[in-house]
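Read-outs throughout are calculated quantities, based only on the coordinates presented, and are distinct from any laboratory measurement. Source: prediction; values computed, not measured. With ideal geometry, Cβ positions are generated from the backbone for all residues, glycine too; neighbour counts draw on all protein chains shown.
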Amino acid sequence: MFAVILVVSLAGGATASALLGHNGTDIFPYAANYSLKPVGPWTRVPATHNSYGYANGGLAAPPKGAPTTLLIFGADGPLGRDEFIRVVDGGKASLEIALGGVLVALLIGLPLGCVSGYFGGLADTFVTRVTDTVMAFPLLLFLVFASVNLDASLKPIGAWGSIIPEGVVAEAVLIGVFTSFYPTRLVRARLLTLRQEEFVEAAEMVGASHWRILRYHLLPYLRPMLIVWAAIATATNILLEVGLSFVGAGVQPETPTWGSLLSTTWGTIYQPQVFDKTQFTVWQTVFPTVAILLCVVSLNQLSEGLRHALEPEGGR
């Protein structure tokens, strides 16, 4: 299931845009009625980005024979953008944030965990105290504070058009930095046990350097554990991205993510919006929510499968 979601998220938006003849940023005035309520799923609307004027208190009807375009999931709001393409593009951005956060956490946590668990002493004490301090604070509060205060300097990083939208790299870095204590503690705990094994003592007796012991004798034992953690952490990071959007500290609304799609409909904790059935449809909530649910459940199942495959002794 996760493989399907990953492929659809990475290639589905461009493919759908090519097939449907429009993208997720195109505005269709006729995809919303006079009260700005968007149309529902599988609706054809006039394929025009301009209206034909106003008549009888609303938009004038387009001329007969005007071309139409299909909105598979309906429209996303009063602007009349394609909800399907925005959900797919939002999945791509959310997965980029989640996977980027995992990568940053590993780049920080793996070296710190190796130093702490293998060498011990003052290095272990320092790393342990730092991770204990970070773990004592609410993670989401840390992320909100950092995102708000570093907005101007971090948000423009990595704005590479449709590949990595603006704000994605910054949010991935923030999530990775403040979740790096998880791999740090995992690696440290594993190495505290492994460094007492006989094969480590044998390697030291034949003159192997610390780097060689870590690289060739200990890191292979860490790989299965970190792969399983990465799958779980990706699911957690997706939920963190959604949470950041609801507190108003996520990527900008013009960049679709699963979190921003939901927060656009429901607002943030600072500017909540009351659901009004004359202006909103239930589909604006259902489709992003189902996408999040399927992806997170799939990642959790993937992590369980990887645990059984890579650590068969621990899986029995």
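Some notes on this structure:
- Relative packing of peptides 70-82, 127-139 - highest average C-beta neighbours within 10 Å first: 70-82, 127-139
- The amide H of residue 47, built 1.01 Å from its N in the peptide plane, has 68, 69 as neighbours under 5 Å, considering only residues 5 or more places off or on other chains.
- GNM top mover of 171, 197, 241 - the chain, alpha-carbon springs below 10 Å: 197
- Options 222, 142, 305, ranked by Cα towards positive dipole end of the chain, top entry (Cβ charges): 305
- Computed from backbone phi with θ = phi - 60° and the Karplus coefficients 6.51, -1.76 and 1.60, the 3J(HN,Hα) list for segment 191-199 is 6, 4, 7, 5, 5, 8, 6, 5, 5 Hz; x is used for glycine and proline.
- Each of 234, 25, 174 was scored by the projection of its Cα onto the charge dipole of the chain, and the greatest displacement toward the positive side belongs to 25; charges sit on the C-beta of Lys, Arg, Asp and Glu.
- Sorting the segments 265-275, 44-54 by their residues' average number of neighbouring beta-carbon atoms within 10 angstrom, most packed first, yields 44-54, 265-275.
- Counted by neighbouring Cβ atoms within 10 Å, the residues 227, 292 run from fewest to most as 227, 292.
- Neighbour-count ranking [beta-carbon atoms within 10 angstrom, fewest first] of 204, 198: 198, 204
- Rounded to the nearest whole Hz, the Karplus-based 3J(HN,Hα) values (6.51 cos²θ - 1.76 cosθ + 1.60, θ = phi - 60°) of segment 129-141 follow the sequence 5, 5, 5, 4, 5, 5, 5, 6, 9, x, 4, 5, 5, with x at glycine and proline.
- Residue 266/residue 49 FRET efficiency (R0 30 Å; Cβ-Cβ; nearest 0.05): 0.65
- Charge dipole (segment 83-315, unit charges on Cβ, about Cα centre) - positive-most of 270, 123, 102: 123
- Percent RCO, i.e. relative contact order, over the chain, from Cα pairs under 8 Å lying at least 6 residues apart: 21
- Highest to lowest packing among 294-304, 213-223, scored as the average C-beta count within 10 Å: 294-304, 213-223
- Cα shape, the chain, gyration tensor, a/c 1.5 rule: prolate
- From helices alone, the chain scores -19000 deg cm²/dmol at 222 nm; the rule is -39500 (n - 2.57) for each run of n ≥ 4 DSSP H residues, then divide by the residue total.
- On Cα atoms only, tilt of 219-246 relative to the major axis of the chain in degrees: 30
- For the chain, size of Cβ-based charge dipole, Lys and Arg +1, Asp and Glu -1, in debye: 280
- Note on 229, 258: ascending count of other Cβ atoms within 10 Å places them as 229, 258, the fewest first.
- Phi angles across segment 59-73 convert, under the Karplus curve 6.51 cos²θ - 1.76 cosθ + 1.60 with θ = phi - 60°, into 3J(HN,Hα) values of 5, 5, 5, x, x, 4, x, 5, x, 10, 9, 9, 9, 5, 9 Hz, Gly and Pro given as x.
- C-alpha center-to-center spacing [segment 81-131, segment 268-289] in angstrom: 31
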